[in-house]
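Asks: Can you read through this structure? Questions will come right after.
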């Protein structure tokens, strides 16, 4: 599988993803630019974390109109794989590829720490083969509070589209384990076709032995099988 990682003005996790995919997972990776108009034959496209366009207006709202996003949307609509992490997740909701929105953290503070998440969906490629246990993954965001309408929430539940929930170290989904106030502790969702993924925590920041944590690598490995 050929992976593409897009850099937007303000992206700061693009090279983390490129390193994780190429060095830790041994995959072919293409570095894409936000002004590109095609995906250079990539099968799987990543929208990385960061502060695209300085998070002006709303996080991801300006990046959603970058030239390359037309190709990303077309790729997703044809069934191609797309994944947004943190700011990339925000872009996907702004582009209408994922339901809901990412609001300011309930504390109104920027959060940067390790959290636990547990896989939920049994049918999405990203989570279907993961062990049923908590994974320790870093977060770094000011607008990670996932919200959607009750209609969309019912769709997410009925169609097995909730990828991850924030939990404690033993896997219990509790209010105390929710770092940002997300609805139902949601940390990631997929679309109805299960080819577009969005998650707020950063698996690429927990995918190397030198970091002392490989839980993120286990998540990313599910995408290359």
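Asks: Here are some conditions: (1) part of a loop (DSSP other than H, G, I, E, B); (2) under 14 Å from the mean Cα position of the chain (by Cα). Residue 93 meets all but one. Which one does it not meet?
Replies: Failing condition for residue 93: (1).
Asks: Still on this model: Got a sec? Which of 175, 169, 204, 143 is at pLDDT 95 or above and out of contact with any strand residue (DSSP E or B) (no Cβ under 9 Å at 6 or more places or on another chain)?
Replies: Values: 169 fails: out of contact with any strand residue (DSSP E or B) (no Cβ under 9 Å at 6 or more places or on another chain); 204 fails: out of contact with any strand residue (DSSP E or B) (no Cβ under 9 Å at 6 or more places or on another chain); 143 fails: out of contact with any strand residue (DSSP E or B) (no Cβ under 9 Å at 6 or more places or on another chain).
Testing whether each residue is at pLDDT 95 or above and out of contact with any strand residue (DSSP E or B) (no Cβ under 9 Å at 6 or more places or on another chain) leaves just 175.
Asks: Can you pull out the residues in region 84-100 that are touching a residue at least 60 places away in the same chain (Cβ under 8 Å), in contact with a helix residue (DSSP H, G or I) (Cβ under 6 Å, 6 or more places away or on another chain) and farther than 19 Å from residue 18 by Cβ?
Replies: 97, 98, 99, 100
Asks: Right, here's the next one. How many residues are touching a helix residue (DSSP H, G or I) at 6+ places or on another chain (Cβ under 7 Å) and in contact (Cβ under 8 Å) with a residue 24 or more places away in the chain when one looks only at region 59-83? So that I can check it myself, show each step before the final result.
Replies: Narrowing region 59-83 to residues touching a helix residue (DSSP H, G or I) at 6+ places or on another chain (Cβ under 7 Å): 59-64, 82.
Still in the running and in contact (Cβ under 8 Å) with a residue 24 or more places away in the chain: 59-61, 63-64, 82.
Here the count works out to 6.
Asks: Looking only at region 188-222, which residues are in a loop (DSSP other than H, G, I, E, B) and either touching a helix residue (DSSP H, G or I) at 6+ places or on another chain (Cβ under 6 Å) or touching a residue at least 24 places away in the same chain (Cβ under 8 Å) (or both)? Step through it out loud before you land on a result.
Replies: First, pick out the residues of region 188-222 that are in a loop (DSSP other than H, G, I, E, B): 191-195, 200-202, 207, 212, 214, 222.
Passing the criteria: 191, 192, 193, 194, 195, 200, 201, 202, 207, 222.
Asks: Every residue in region 52-66 that is touching a strand residue (DSSP E or B) at 6+ places or on another chain (Cβ under 9 Å) and surrounded by fewer than 18 Cβ atoms within 10 Å (Cβ to Cβ), please. Reasoning before the result, please.
Replies: Quick first cut of region 52-66, residues touching a strand residue (DSSP E or B) at 6+ places or on another chain (Cβ under 9 Å) only: 52, 58-60, 63, 66.
Scanning region 52-66 gives a single hit, 58.
Asks: Given the conditions (1) out of contact with any strand residue (DSSP E or B) (no Cβ under 6 Å at 6 or more places or on another chain); (2) within 19 Å of residue 161 (Cβ to Cβ); (3) assigned to a helix (DSSP H, G or I), and given that residue 69 satisfies all but one, which numbered condition is not satisfied?
Replies: (2)
Asks: Within region 180-187, identify whether any single residue is assigned to a helix (DSSP H, G or I) and buried (at least 20 other Cβ atoms within 10 Å of the Cβ), and answer yes or no.
Replies: Quick first cut of region 180-187, residues assigned to a helix (DSSP H, G or I) only: 183-185.
From what is left, the residues that are buried (at least 20 other Cβ atoms within 10 Å of the Cβ) are 185.
Yes, that holds for at least one residue.
Asks: Please find, among 103, 25, 47, 32, the residue that is touching a helix residue (DSSP H, G or I) at 6+ places or on another chain (Cβ under 7 Å), in contact (Cβ under 8 Å) with a residue 24 or more places away in the chain and farther than 20 Å from residue 206 by Cα.
Replies: Values: 103 fails: touching a helix residue (DSSP H, G or I) at 6+ places or on another chain (Cβ under 7 Å); 25 fails: farther than 20 Å from residue 206 by Cα; 47 fails: farther than 20 Å from residue 206 by Cα.
Step by step, each of 103, 25, 47, 32 is checked, and only 32 is touching a helix residue (DSSP H, G or I) at 6+ places or on another chain (Cβ under 7 Å), in contact (Cβ under 8 Å) with a residue 24 or more places away in the chain and farther than 20 Å from residue 206 by Cα.
Asks: Show the residue pairs meeting these rules: Cβ distance below 8 Å; 6+ apart or different chains; first residue within region 162-175 and free of Cβ contacts under 8 Å to residues at least 40 places away in the same chain; second residue not in a helix (DSSP H, G or I).
Replies: 170/134; 174/167; 174/168
Asks: May I ask you to verify whether residue 102 is more than 21 Å from residue 146 (Cβ to Cβ) and in contact with a strand residue (DSSP E or B) (Cβ under 9 Å, 6 or more places away or on another chain)? So that I can check it myself, show each step before the final result.
Replies: On the way: more than 21 Å from residue 146 (Cβ to Cβ): no; in contact with a strand residue (DSSP E or B) (Cβ under 9 Å, 6 or more places away or on another chain): yes.
Considered against the rule, which asks whether it is more than 21 Å from residue 146 (Cβ to Cβ) and in contact with a strand residue (DSSP E or B) (Cβ under 9 Å, 6 or more places away or on another chain), residue 102 comes out as no.
The values are calculated or read from the model by the stated rules, or taken from the named source; none is laboratory data. Please read all numbers here as calculations on a predicted model, not as lab measurements. Using ideal geometry, Cβ is built from the backbone for each residue, glycine included, and neighbour counts are taken over all protein chains shown.
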